[in-house]
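The values are calculated or read from the model by the stated rules, or taken from the named source; none is laboratory data. Here the structure is a predicted model, which means the values were calculated and not measured. A quick note on method: Cβ atoms are made from the backbone with ideal geometry, for glycine too, and the neighbour counts reach across all protein chains shown. Please note that ligands, DNA and RNA were not included when accessible areas were found on the heavy atoms of the full protein model with its side chains. Shrake-Rupley method; radii C 1.70, N 1.55, O 1.52, S 1.80 Å.
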Amino acid sequence: MPTTLNIALIQTDLYWEDPVSNRNMFEEKIASNPDNVDVIVLPEMFTTGFTMKPKRIALSESEGTLTWMKQMAQEQNKALLGSLIFQDKGKFFNRLYFVSPEGMVEAYDKKHTFTLAGEDEVYEAGSEKLIFEYKGFKICPMICYDLRFPVWSRNAEDYDVLIYVANWPKKRINAWDTLLKARAIENMAYCIGVNRTGLDGLDFEYPGHSAVYDVLGNPLAFSEEEGILYATLNKEHIDSTRKKLRFLEDRDQFSLKG
């Protein structure tokens, strides 16, 4: 069973409400990654930016981008993870997809829609936490505003990796930095956050700050610049640290009710 997982985080500006241009841009960036990369993580709503006008996006773009993800994963032999606007049965979702080269597809709908921007009025909230296994690592993916709610990410399932994709603005970036590190420490899991850069169509500024933290909250990767960050996750680091410190054995037991 694999003991390491090589992660690439693509931190970039996005074309506002322009799926074709964003896919073309990401296609070049994805193809530039070395062969040893296992998983490539893209930002939240990576084909459009964080728009509250999903009706401006053609209905065909939902399935079209998912098909593109499957093709890219197979062609590049790398798994892809990121969120996009997805229309399903007449409703809009901020839906995260994980797609592997082998054809594995996992989906997660953002649980905490961002009320400050009116996301809750436009997109349906998810209700199911997602945990899946890839190359020997149990992975829990979440989206942006979910980061502020530690109960939702609480590691009751002994997952190994917690991933957040985001469009997190500069004016609140201190919270992003602080909470990513906190989520790693309290859950004794690798915590990965991928943010975008640049200005969106509403003139909100995004400063990057994508990062990877180990199970003790030590930074393995961090950048404010547009580019690709790399980190290698090690299963032995997770297992040996948890065995030595045993903090998760003292976690509170609880259940969530709708």
What is the number of the single condition among (1) touching a residue at least 60 places away in the same chain (Cβ under 8 Å); (2) within 17 Å of Met142 (Cβ to Cβ); (3) of a type in the set (Gly, Ala, Ser); (4) open to solvent by less than 50 Å² (accessible area, probe 1.4 Å) that Gly126 does not meet? (1)
Please go through the stretch 198-211 and give me each residue that is over 18 Å from Thr232 (Cβ atoms) and hydroxyl-bearing (Ser, Thr, Tyr), ordered by number. Tyr206
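Can you work out which of the residues in the stretch 228-255 that are outside any helix (DSSP H, G or I) and closer than 16 Å to Pro150 by Cα is modelled with the highest pLDDT?
Filtering the stretch 228-255 for residues outside any helix (DSSP H, G or I) gives 228-234, 246, 251-255.
Checking the rest, the ones that are also closer than 16 Å to Pro150 by Cα come to 251-255.
Details: Arg251: 94, Asp252: 91, Gln253: 87, Phe254: 81, Ser255: 82.
For the stretch 228-255, the residue satisfying everything is Arg251.
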When you go through Asn195, Asn187 one by one, which is the residue that is touching a helix residue (DSSP H, G or I) at 6+ places or on another chain (Cβ under 9 Å), under 19 Å from Asn22 (Cβ atoms) and not basic (Lys, Arg)? Asn195
Condition test on Pro43, is it part of a loop (DSSP other than H, G, I, E, B), out of contact with any Phe, Trp or Tyr (no Cβ under 8 Å at 6 or more places or on another chain) and open to solvent by 20 Å² or more (accessible area, probe 1.4 Å)? no
Is there any pair linking a residue in the stretch 90-115 that is crowded, with 20+ Cβ neighbours inside 10 Å to one that is part of a loop (DSSP other than H, G, I, E, B) and β-branched (Val, Ile, Thr), with Cβ under 9 Å and at least six apart or on different chains, and which? Asn94/Thr113
Answer from Thr4, Thr65, Thr12, Thr113 - the residue that is hydroxyl-bearing (Ser, Thr, Tyr), under 17 Å from the mean Cα position of the chain (by Cα) and either at pLDDT below 95 or over 22 Å from Gly126 (Cβ atoms) (or both): Thr12
Residue check for Ile85: buried (at least 21 other Cβ atoms within 10 Å of the Cβ), more than 22 Å from Gly227 (Cα to Cα) and of a type in the set (A, V, I, L, M): yes
Residues satisfying the stated conditions in the stretch 8-46, i.e. among the aliphatic types (A, V, I, L, M), more than 15 Å from Leu80 (Cβ to Cβ) and in contact (Cβ under 8 Å) with a residue 60 or more places away in the chain: Leu14
Number of the condition not met by Gly49 [criteria: (1) touching a residue at least 40 places away in the same chain (Cβ under 8 Å); (2) open to solvent by less than 10 Å² (accessible area, probe 1.4 Å); (3) touching a strand residue (DSSP E or B) at 6+ places or on another chain (Cβ under 8 Å)]: (3)
All conditions in (1) touching a residue at least 24 places away in the same chain (Cβ under 8 Å); (2) part of a loop (DSSP other than H, G, I, E, B) are true of Leu5 except (2)
Which condition from (1) touching a Leu at 6+ places or on another chain (Cβ under 7 Å); (2) open to solvent by 40 Å² or more (accessible area, probe 1.4 Å); (3) under 25 Å from Leu256 (Cβ atoms) is the one that Lys135 breaks? (3)
Taking the stretch 187-243 and the residues there that are open to solvent by less than 20 Å² (accessible area, probe 1.4 Å) and of a type in the set (Asp, Glu), the one that is nearest to Lys53 (Cα to Cα) would be Asp200
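Of all the helices (runs of 4 or more DSSP H) wholly in the stretch 106-197, which have at least 3 residues that are more than 29 Å from His237 (Cβ to Cβ), in contact with a Ser or Thr (Cβ under 9 Å, 6 or more places away or on another chain) and not aromatic (Phe, Trp, Tyr)? Give the steps one after another, and end with the answer.
On the way: elements: 119-122, 150-153, 173-187.
So the answer is 119-122.
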Out of Leu147, Leu130, Leu162, I need the residue that is within 13 Å of the chain's Cα centre (by Cα) and within 14 Å of Val41 (Cα to Cα). Which one? Leu162
Tally of residues being farther than 13 Å from Leu81 by Cα and in contact with a Pro (Cβ under 8 Å, 6 or more places away or on another chain) across the stretch 138-168: 1
